[in-house]
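What follows is a single structure, written as structure tokens, with notes after it.
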Amino acid sequence: MPKKVIIILIGLLLVLGIAISALVQTRPGSNVPAQSGSALIGGAFELTDHTGKQVSDKDYLGKLMLVYFGFTYCPDICPTELQHIAGALDIIGDKRRKQITPLFVTIDPERDTRELMASYVENFHPDLVGLIGTTEQIKKMGKNYRVYFKKVVDKDSPDGYTMDHSALVFLMDKKGRYIRHFSYSTTPQKMAEGLIKAMN
Ligand code: NI
């Protein structure tokens, strides 16, 4: 190719590049960072862990955090999801597991006592931390994580009620910022892959 043609081609490419970047920049909402939606998930919390220790989000900084909201009386969703979490933790192995804190936060503070939470979490995984709190503390954290939960009348359940709730597992980075979430249908293997990816 003659030099002139090459120079013209390069010139055209430059013009095209500038035009594209101008288009991208003027696209409505393009000033909003791609992660803006995720920044709205998470935040500070103050709760009590299953050993009775007062904890806050700051206690878990420096490690990744897996956050799942549920309740110990849950008949099926929570046990299944916690098994998935436990399975994923086993798949990633000891070394990686030390870089992550899995949290199970109750959305049923009326019934989930410290004792109940302590015996519940140990059924699933030795690393799993159960968190309880006052109704206000739980409400606040649930709102920050944008999780849905609601007390509903159910005559067949203990105490005549159950909790409707979303079943997402949130993955937060070492600074407590949202990375991604896993849905109920995520297999332990897929979750493990997601965790490993977040650590690399
Ligand atoms: Ni549940």
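The values are calculated or read from the model by the stated rules, or taken from the named source; none is laboratory data. The structure displayed is predicted, hence computed values, not measured ones. Positions of Cβ are generated from backbone atoms using ideal geometry, with glycine treated the same way; all protein chains shown enter the neighbour counts. When the accessible area is computed, the model is the full protein with side chains, heavy atoms only, and any ligands, DNA or RNA have been set aside. Shrake-Rupley method; radii C 1.70, N 1.55, O 1.52, S 1.80 Å.
Amide H neighbours of residue 45 under 5 Å, at least 5 residues apart or on other chains, H built in the peptide plane: list them.
Distant-sequence amide H within range of residue 45: 57, 58.
Determine the share of region 40-86's accessible area contributed by carbon and sulfur atoms, expressed in whole percent, with a 1.4 angstrom probe.
Details: 1030 of 1970 Å².
Result for region 40-86: 52 percent of the exposed heavy-atom area is carbon or sulfur.
Among 128, 147, 107, whose Cα sits farthest toward the positive end of the charge dipole of region 98-171 (+1 at Cβ of Lys/Arg, -1 at Cβ of Asp/Glu, about the Cα centre)?
In region 98-171, that residue is 147.
To one decimal place, what Kirkwood hydrodynamic radius in Å is obtained for region 41-199 from all pairs of distinct Cα atoms? The partial results should precede the final answer.
Values: mean 1/r = 0.0642 Å⁻¹.
Taking the inverse mean of 1/r over all distinct Cα pairs, region 41-199 comes out at 15.6 Å.
Extending each Cα 7 Å along its Cβ direction at residue 148 and residue 177, get the distance between those two points in nm, one decimal.
That separation, rounded to one decimal, is 2.9 nm.
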